[in-house]
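A.B. asks: What follows is a structure written as structure tokens; I'll ask about it next.
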Amino acid sequence: MIKTDDSKRESLSSRIKNTMSFLCRFPIVTIITLLAIMTFCLLTRWDVIPSYLFINYYNKTLNGELWRPFVSWLPHLDLEHIVMDTFYLIIIGSIVELKYGALNFLAIFFGGNILGAWLSVFFDSVFPGTMGSSSGSHGLVLYLCIIEIALRQHKLITIIFYWGTIFYLIYLTLCGIILGYMGWPFVFFLNGGYDHLGGITFAMIFGSIEILLLKRKRDFIKNA
């Protein structure tokens with residue numbers, strides 16, 4: 001059967017409506033993703049805005065340009081970089097926003113990116129600067145794992161994963177600082193460094209606090 005022009009228009013219209021309906025389920029993730037793509041086009045592809053204004057160059061940040069750690073999640077190096085970051089943002093971020101709310105998503109995403117940027121400023125002696133939103137994405141992954149495991153009450157898995165992750169973070173931090181000061185390239189988590197460490201550290205702290213609050217709430221309800 002050959003489709004007419006009207007049926008093709010209806011099919012296209014239906015697809016657009018379904019896509020918009022799907023994206024409206026997690027509006028914050030959608031807005032942040034569109035901002036990142038738009039910024040990538042303006043900075044990298046079209047060169048409308050100078051990209052150096054958004055990159056977290058450590059020397060410029062330390063010289064008073066303190067806005068850089070807060071906006072360095074917007075620019076991306078190339079097409080592969082923006083595709084990978086937005087892919088993980090949509091997949092993981094949408095789950096966090098849908099299940100645990102927009103405020104939790106915003107706190108972990110921006111908290112992880114900002115903390116990672118500042119850690120890089122003070123400790124990274126290998127790279128000249130940072131850009132991209134993968135720090136927040138790493139934080140979202142860790143937060144999702146921590147909360148899901150804690151809520152499902154798998155005590156043995158929780159202990160192994162939770163404390164294992166804490167000791168692993170401490171190990172990475174010590175190795176990163178020591179090797180960084182020695183001038184050796186120390187790269188982990190897909191060519192990341194202190195920026196990714198900031199993302200997962202913030203998620204660990206945020207997730208720990210939320211778990212404690214959830215446990216207190218449960219105990220209060222049981223004793224009521």
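A.B. asks: Might you check whether a residue that is assigned to a loop (DSSP other than H, G, I, E, B), acidic (Asp, Glu) and either touching a helix residue (DSSP H, G or I) at 6+ places or on another chain (Cβ under 6 Å) or in contact (Cβ under 8 Å) with a residue 60 or more places away in the chain (or both) occurs anywhere in the stretch 123-135?
C.D. replies: The answer is yes; a qualifying residue exists.
A.B. asks: Which members of the stretch 15-51 meet the condition of being touching a Pro at 6+ places or on another chain (Cβ under 9 Å), modelled with pLDDT of 75 or more and either on the phi > 0 side of the Ramachandran plot or not hydrophobic (A, V, I, L, M, F, W, C) (or both)?
C.D. replies: Within the stretch 15-51, just Thr39 meets the criteria.
A.B. asks: Which condition from (1) part of a helix (DSSP H, G or I); (2) in contact with a Phe, Trp or Tyr (Cβ under 8 Å, 6 or more places away or on another chain); (3) closer than 21 Å to Ile200 by Cβ is the one that Leu98 breaks?
C.D. replies: In the conditions (1) part of a helix (DSSP H, G or I); (2) in contact with a Phe, Trp or Tyr (Cβ under 8 Å, 6 or more places away or on another chain); (3) closer than 21 Å to Ile200 by Cβ, Leu98 misses (3) alone.
A.B. asks: Right, next: Report every pair of residues separated by at least 6 positions or lying on different chains whose Cβ atoms are under 7 Å apart, first residue within the stretch 205-220 and under 22 Å from Gly136 (Cβ atoms) and assigned to a helix (DSSP H, G or I), second modelled with pLDDT of 75 or more and of a type in the set (Ser, Thr, Tyr).
C.D. replies: Phe206/Tyr143; Gly207/Tyr143
A.B. asks: Does Thr86 count as under 15 Å from the mean Cα position of the chain (by Cα), of a type in the set (Ser, Thr, Tyr) and either surrounded by 17 or more Cβ atoms within 10 Å (Cβ to Cβ) or at pLDDT below 90 (or both)?
C.D. replies: It is true that Thr86 is under 15 Å from the mean Cα position of the chain (by Cα), of a type in the set (Ser, Thr, Tyr) and either surrounded by 17 or more Cβ atoms within 10 Å (Cβ to Cβ) or at pLDDT below 90 (or both).
A.B. asks: Further question on the same structure: Only residues that are at pLDDT 90 or above and of a type in the set (A, V, I, L, M, F, W, C): list them for the stretch 52-66, please.
C.D. replies: Matches in the stretch 52-66: Leu62, Leu66.
A.B. asks: Kindly list, by first and then second residue, each pair from a residue in the stretch 53-67 that is farther than 22 Å from Leu42 by Cα to a residue that is among the aliphatic types (A, V, I, L, M) and outside any loop (DSSP other than H, G, I, E, B), limited to pairs with Cβ atoms under 9 Å and residues at least 6 apart or on different chains.
C.D. replies: Note: pairs meeting the criteria are Tyr58/Val121; Thr61/Ala117; Thr61/Val121; Leu62/Val121.
The values are calculated or read from the model by the stated rules, or taken from the named source; none is laboratory data. Predicted model only: the values in this text are computed from it and were never measured. All Cβ positions, glycine included, derive from the backbone under ideal geometry; neighbour counts span all protein chains shown.
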